[in-house]
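The values are calculated or read from the model by the stated rules, or taken from the named source; none is laboratory data. In this text, all values refer to a predicted model and were calculated from it rather than measured experimentally. Cβ placement follows ideal geometry from the backbone for every residue including glycine, while neighbour counts extend to all protein chains displayed. Only protein heavy atoms, including side chains, enter the accessible area calculation; ligands, DNA and RNA are left aside. Shrake-Rupley method; radii C 1.70, N 1.55, O 1.52, S 1.80 Å.
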Amino acid sequence: MTPSLPAPAATRNPFDTVTEEALCAAADSAGHTLDPEQRAAVAALAAPHSRGAYLHGAVGRGKSWLADQVLKLVATPKRRLHIHSFLRELQRTMSTERLPLPEAVTHLVGEARFLLLDEFHVHDIADAIMLRRTLVTLLDSDVSVLMTSNYPPTRLLPDPTFHEAILPAVEAIQDQLDVIELGGDHDWRTSSTHSGGFASGSWTLMPDDACPASTVDVALSATRALRALAMQDGTLSVTWDELCVQPRSVNDYLTLARDFSAISLVGLPAPEEIEPEPFQRLAYLLDVLVDADLPLDVTAQVSREELAKAKNLPRDADRMLSRLSMLRQG
């Protein structure tokens, strides 16, 4: 018999313990002054939700922070997963447990009855096919879902060649989740005084001939490794070529975030020298390190301002640049 997630239950709603007063109190306690658009999103998040909510808006608007405060207020068993970690766990469960996708979703969720999926985005056709089936399984179950995204549902997988592949997921989100826009365009990261975790990292200019040769092998899996400059006190020092030019995956970056407490990225070149794939890998690396709140020290041949003016920036460039703005100028 195929196991499944419990059917929806009308008598249990994890959002019942989420109040506008509690969310505003959390902001006050953290020293955050909510702008009008954030206050509107707080009120919308605290309203009753039968199945869950989809919170979207521009980069740096505080979506993940608000979602995390909601998560703290939820009293039922719960899980929080960044979309990259979610996909990795799902794929690993399907592979190691030899489970079909619906059963793998059940296994991943476990006892949780509230799931926060942070930074939901879809750019890959394979991910789209997996996520549309996953979301249908989740939203037909007794698991309440809170999702954050830079995109409204209709703009997921925007490439018209592949957009149809994500339409079942878009329809499920629109039919069963309350779609909330966190409006405004002020990026609070650029004026943040937060100095710990990822924000304790730095961006330092360096000559283009100052990068030493790699000397240390670091295992990524049983069969794959990268060649690093050094490993010391939990910090991995690695060149741009090794970390982003080589065909690294999001799973590789998740492994490094698990095994190290800080990353030093050495020798980021001028943007005109960066091909599209390495640029996209940099964006994925930042996704992983920000979610894990691990410091990143970058030595580069150009300033962040010069990088931001590049004509060949990857998709989700706004999110990438917003995150880089958190780094101290070294």
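Values as computed for the structure displayed
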{"quantity": "Residue match in the range 211-221 (condition: closer than 14 Å to PRO269 by Cβ and either at pLDDT below 95 or exposed (fewer than 13 other Cβ atoms within 10 Å of the Cβ) (or both))", "calculated": "yes"}
{"quantity": "Residue list for the range 133-182, filter: without any contact (Cβ under 8 Å) to a residue 60 or more places away in the chain, closer than 30 Å to ASP35 by Cβ and open to solvent by 30 Å² or more (accessible area, probe 1.4 Å)", "calculated": "THR154, ARG155, PRO158, GLN174"}
{"quantity": "Residue list for the range 72-86, restricted to those being open to solvent by 10 Å² or more (accessible area, probe 1.4 Å) and part of a helix (DSSP H, G or I)", "calculated": "LYS72, LEU73, HIS84, SER85"}
{"quantity": "Every residue from the range 1-45 that is of a type in the set (Gly, Ala, Ser), out of contact with any helix residue (DSSP H, G or I) (no Cβ under 7 Å at 6 or more places or on another chain) and at pLDDT 90 or above", "calculated": "ALA25, ALA27, SER29, ALA40, ALA44"}
{"quantity": "Lone qualifier among MET326, MET320 - being farther than 15 Å from PRO269 by Cβ and open to solvent by 40 Å² or more (accessible area, probe 1.4 Å)", "calculated": "MET326"}
{"quantity": "Residues within the range 105-128 that are of a type in the set (D, E, K, R) and under 22 Å from LEU157 (Cβ atoms), tallied", "calculated": "4"}
{"quantity": "Breaking point among (1) touching a strand residue (DSSP E or B) at 6+ places or on another chain (Cβ under 8 Å); (2) open to solvent by less than 40 Å² (accessible area, probe 1.4 Å), for GLU89", "calculated": "(2)"}
{"quantity": "Some residue of the range 307-326 being farther than 26 Å from LEU90 by Cα, in contact with a Phe, Trp or Tyr (Cβ under 8 Å, 6 or more places away or on another chain) and assigned to a helix (DSSP H, G or I)", "calculated": "yes"}
{"quantity": "From ALA308, ALA300, ALA270, residue being over 11 Å from CYS244 (Cβ atoms) and open to solvent by 30 Å² or more (accessible area, probe 1.4 Å)", "calculated": "ALA308"}
{"quantity": "Matching entry among ARG98, ARG79 (being under 15 Å from the mean Cα position of the chain (by Cα) and without any contact (Cβ under 8 Å) to a residue 40 or more places away in the chain)", "calculated": "ARG79"}
{"quantity": "Sole residue being within 30 Å of LEU116 (Cβ to Cβ) and in contact with a Cys (Cβ under 6 Å, 6 or more places away or on another chain), chosen from LEU282, LEU220, LEU256", "calculated": "LEU282"}
{"quantity": "Number of the condition not met by PRO100 [criteria: (1) farther than 26 Å from HIS186 by Cβ; (2) buried (at least 17 other Cβ atoms within 10 Å of the Cβ)]", "calculated": "(2)"}
{"quantity": "Residue selected from the range 198-210 under the condition open to solvent by 30 Å² or more (accessible area, probe 1.4 Å) and touching a Pro at 6+ places or on another chain (Cβ under 9 Å), by the criterion modelled with the lowest pLDDT", "calculated": "ASP208"}
{"quantity": "Unique match (being farther than 22 Å from SER64 by Cα and assigned to a helix (DSSP H, G or I)) among THR93, THR154, THR134, THR161", "calculated": "THR93"}
{"quantity": "Test: residue in the range 288-297 that is open to solvent by less than 10 Å² (accessible area, probe 1.4 Å) and either closer than 18 Å to ASP187 by Cα or in a loop (DSSP other than H, G, I, E, B) (or both)", "calculated": "no"}
{"quantity": "Within the range 239-267, considering residues that are small (Gly, Ala, Ser) and open to solvent by 30 Å² or more (accessible area, probe 1.4 Å), the one farthest from LEU307 (Cα to Cα)", "calculated": "SER261"}
{"quantity": "Evaluation of PRO48 against (1) outside any helix (DSSP H, G or I); (2) surrounded by 15 or more Cβ atoms within 10 Å (Cβ to Cβ) (one fails), failing number", "calculated": "(2)"}
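Condition check ((1) free of Cβ contacts under 8 Å to residues at least 60 places away in the same chain; (2) over 23 Å from LYS309 (Cβ atoms); (3) of a type outside the set (D, E, K, R); (4) open to solvent by less than 60 Å² (accessible area, probe 1.4 Å)) across all residues:
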site: LEU226; (1), (2), (3), (4): yes, yes, yes, yes
site: GLN232; (1), (2), (3), (4): yes, yes, yes, no
site: SER237; (1), (2), (3), (4): yes, yes, yes, yes
site: PRO278; (1), (2), (3), (4): yes, no, yes, yes
site: ALA283; (1), (2), (3), (4): yes, no, yes, yes
